[in-house]
1. Between residue 139 and residue 81, take the C-beta separation as r, use R0 = 25 Å, and let me know the FRET efficiency to the nearest 0.05.
2. Express as a percent, rounded to the nearest 5, the fraction of DSSP beta bridges in the range 116-267 (both residues included) that run antiparallel.
3. Pop out the Kirkwood hydrodynamic radius of the range 94-136 from its pairwise C-alpha distances, inverse of mean 1/r, in Å to one decimal.
4. Using modelled backbone amide H atoms (1.01 Å from N, in-plane), which distant-in-sequence or interchain residues come within less than 5 Å of residue 209's amide H?
5. What does the charge count near residue 145 come to, summing +1 for each Lys or Arg and -1 for each Asp or Glu among other residues with Cβ under 15 Å from its Cβ?
6. For the range 148-156, take each phi angle, set θ = phi - 60°, evaluate the Karplus expression 6.51 cos²θ - 1.76 cosθ + 1.60, and give the result in whole Hz per residue in order, putting x for glycine and proline.
7. Per-residue HN-Hα couplings for the range 179-189, Karplus 6.51 cos²θ - 1.76 cosθ + 1.60 at θ = phi - 60°, whole Hz, x for Gly and Pro?
8. Can you work out the FRET efficiency for the pair residue 255 and residue 157, with r the C-beta to C-beta distance and R0 = 22 Å, to the nearest 0.05?
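Please treat every number below as a calculation from the coordinates, not as lab data. Model, not experiment: these values are computed from the prediction. Note: ideal-geometry Cβ built from the backbone for every residue, glycine included; neighbour counts use all protein chains shown.
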Amino acid sequence: MSMERISRALELAARQREAHAAAAIAEQPQTENMPETAAVAPIRAPQAPVLTLDPAAMEREYVLPPSAGGARGRHYKLLRTQVLRRLDQLKANTLAVLSPKTDAGKTLTAINLAIAIAAELDRTALLVDLDLRNPGVHQRLGLRPELGIEDCLQAGRPVSDAIVRLAGYERLTVLPVREPVEHSAELLNSEYAIRQVADLRNRYANRIIVVDLPPVLQADDALAFSRTAQAGLMVVGEGRTARADLLQSMELLRDLTIVGTVLNGSREPVVQAY
Ligand SMILES: Nc1ncnc2c1ncn2[C@@H]1O[C@H](COP(=O)(O)OP(=O)(O)OP(=O)(O)O)[C@@H](O)[C@H]1O
Ligand SMILES: [Mg+2]
C-alpha cells in the first residue's frame with residue numbers, strides 16, 4: 001500500500017475517532033494523588049540485575065544507543081517528544097504500542113521509544129513486554145532473563161521482581177518475558193495482572209510505561225489490555241498494513257485514546273501525532 005493511501009486511511013480513522021477522543025480525555029483517571037515533583041524518582045530496583053547488551057548486535061538490530069543519538073535516533077526523538085506531550089496533556093503515563101497485524105514494527109518501536117524517553121534527563125521509562133504469546137523484547141535485546149513477567153503473573157508474585165536494567169541505559173528498566181505463554185489473554189485479563197500493572201503505573205508519576213502488545217486483530221490480548229492502558233500508539237507497517245485492518249483496529253480500540261501513529265517504513269519511522 002502506498003504511503004499516500006495509508007495517510008488517507010489514517011486521516012479518516014483520526015476523524016472517526018475525534019468524538020471518542022474527546023470523551024476519553026474527559027474520562028482520564030484522577031492523578032491528583034500522584035506526586036507533582038519535577039525531580040525524577042530514582043528507580044528503586046536496586047536488586048534488579050544489570051544486563052549488558054552487545055553493541056554490535058544492537059546496531060544490527062536497529063536498537064538505539066543510550067543517548068538515542070545518530071540519524072535513526074532523530075526520528076524516535078521526534079516521536080518521543082510528540083508522545084510525551086500528548087501523555088502529559090492526558091496526565092497519563094502508560095502507553096500501549098499497537099498494530100493491526102504482525103510484523104508492523106511494534107517491538108522495535110516500543111524499544112526505541114523507551115530508550116528515547118529515558119534519554120531525557122527528567123524522565124524514566126519502563127519497557128514492558130506483554131506480547132506474552134510472541135514475546136520479542138528479550139530476543140531483540142539479546143536478553144536471557146531468569147525470571148519473566150509471565151512467571152510472576154502465573155505465580156502471583158510482584159511483577160517488579162522480573163525487572164532488569166541495561167548497562168549504560170540510565171533511567172531505563174525492562175520487564176521482559178522469559179518464555180511464550182499459551183493462554184496469554186486469560187493471564188493478561190486476570191484481576192491480579194490488572195492490579196499489578198496499575199501498581200506499576202501508580203508507583204512513579206514521572207515514569208513512562210511503554211507496553212509491547214500482540215497485534216490487535218490476532219488475539220484478545222491487546223483489546224483486553226487496552227482497558228488498563230491509558231493511551232495507545234498505532235504502528236503501521238509501510239506496505240504491510242492493510243487499510244481495512246487499520247480501520248477495524250481503530251474501531252475495536254475506540255475507547256482508547258490513540259496519541260499518534262507511526263508509519264514504520266523499511267528505513268525510518270514517520271510519525272503522525274494526533
Ligand atoms: N524501521 C525499521 N527499519 C528496519 N527494519 C525494521 C523497522 N521496523 C521493523 N523492522 C523489521 O521488521 C520486522 C518486524 O519488526 P518487529 O518485530 O518490531 O514487529 P512487530 O510488530 O513487533 O512484530 P510481531 O507482531 O511479530 O511482534 C523485524 O525483522 C524488524 O527488524
Ligand atoms: Mg513484536
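1. Plugging the Cβ-Cβ distance into 1/(1 + (r/R0)^6) gives 0.35.
2. Once the DSSP bridges in the range 116-267 are tallied, antiparallel ones form about 10 percent.
3. Hydrodynamic radius (Kirkwood, Cα pairs) of the range 94-136 is 11.3 Å.
4. 94, 95, 126
5. Once all neighbours under 15 Å are counted, the net charge is -3.
6. x, 4, 5, 4, 5, 5, 6, 8, x
7. Working through the residues one at a time gives 8, x, 10, 7, 8, 6, 4, 4, 5, 5, 8 Hz.
8. Computed FRET efficiency for residue 255 and residue 157 comes out at 0.10.
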